[in-house]
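What follows is a set of notes on a single structure, which appears directly below.
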Amino acid sequence: MTAPFPNLHLPATARLQLRPLDVSDAQRIFEIWSDPEVMRFYDVAPLTRFEQAEHVVARLMQDTAEQTGIRWAIVSTNDGCVIGTCGFRLNFAFRSASLGFELERRYWRQGLMREALDAAITYAYDQLAMNRVQATTDLDNHASAGLLASLGFVEEGVMRQWGYWKDAFHDVRLLSLIKSDRRECCQSAQTSTNGR
C-alpha cells in the first residue's frame, strides 16, 4: 500500500466516528489509559505521566505512517470527545490483522465498542484486503471475550505464558475471525432478519 489510510466514519450509527489518532489526542489518551480499571488486562501498566501518553500517540501514529498498523480515535458524535481507541497491527504478507481496543470506563456496557469494532473489521476486510483478524484476551477478561464472540470470533485456544508484563507471565486466549466466516455470519443474520 502506498496511499495513507483514509479516515473511517461509522455509517451505521449516529453515536460514533472513527478517525486516525492525532497528537492533540494525547490528553484524552492519558485520561483513559491512566485508569487502572481500563488498563487492568492491558499489557502495559496504567500511565502516570502525560509524557507517556504523548509517546503512545506518537508511536501509534508512526505505525500508521509506516503502514504497519492503524489506530483510530473513537469519537462520540454527541460531544466530539475521544472515548477510546481501536485498531490493528497489520501483516500484509499474511493478510492478517491483530486487533486491540480500549474504552473509557463510563462508556462501558452501551454497545459502543461493538459498533466501533464492527466498522473497523469491515474496513480491514474491504479496504485492506485482510483475510484474518485475530485478538488475544487475558483469561479473566470475560467482557472482551464476550464482545469478540458477539462479533463472530472463534476461540482457537490458550497460549500459555504468551507474554510477560506487570512482573508476571500471562496466559491468553487466542480468538480469530476469518473473512469467509464473517460473510456467512452476516448472511445468516440477514436471512434471520428478512425471515421475521
Return the total of residues in the range 22-80 being without any contact (Cβ under 8 Å) to a residue 24 or more places away in the chain and within 30 Å of Ala93 (Cα to Cα). 6
Given (1) modelled with pLDDT of 95 or more; (2) over 22 Å from Met130 (Cα atoms); (3) touching a helix residue (DSSP H, G or I) at 6+ places or on another chain (Cβ under 9 Å), number of the condition Pro36 does not satisfy: (3)
Options Ala124, Ala73: the member that is in contact with a helix residue (DSSP H, G or I) (Cβ under 6 Å, 6 or more places away or on another chain), closer than 25 Å to Arg28 by Cβ and among the aliphatic types (A, V, I, L, M): Ala73
Working only within the range 84-118, note down all residues that are under 12 Å from Arg19 (Cα atoms) and either surrounded by fewer than 20 Cβ atoms within 10 Å (Cβ to Cβ) or over 10 Å from the mean Cα position of the chain (by Cα) (or both). none
When restricted to Gly100, Gly84, the only residue closer than 14 Å to Arg28 by Cβ, modelled with pLDDT of 95 or more and either of a type outside the set (A, V, I, L, M, F, W, C) or not in a helix (DSSP H, G or I) (or both) is Gly84
Mind listing just one residue for me: the one in the range 127-162 that is of a type in the set (S, T, N, Q) and over 21 Å from Arg182 (Cβ atoms) and, of those, surrounded by the fewest Cβ atoms within 10 Å (Cβ to Cβ)? Gln161
Return a yes/no flag: does the range 67-80 have any residue that is over 17 Å from the mean Cα position of the chain (by Cα), at pLDDT below 95, polar (S, T, N, Q) and part of a loop (DSSP other than H, G, I, E, B). yes
Do we find a residue being in contact (Cβ under 8 Å) with a residue 12 or more places away in the chain, of a type in the set (Phe, Trp, Tyr), assigned to a loop (DSSP other than H, G, I, E, B) and closer than 24 Å to Thr68 by Cα anywhere in the range 142-156? yes
So Ala124, is it of a type in the set (Gly, Ala, Ser), modelled with pLDDT of 95 or more and either out of contact with any strand residue (DSSP E or B) (no Cβ under 7 Å at 6 or more places or on another chain) or under 15 Å from Ile178 (Cα atoms) (or both): no
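The values are calculated or read from the model by the stated rules, or taken from the named source; none is laboratory data. As the structure is a prediction and not an experimental result, all values here were calculated from the model. Backbone-built Cβ (ideal geometry, glycine too); neighbour counts: all protein chains shown.
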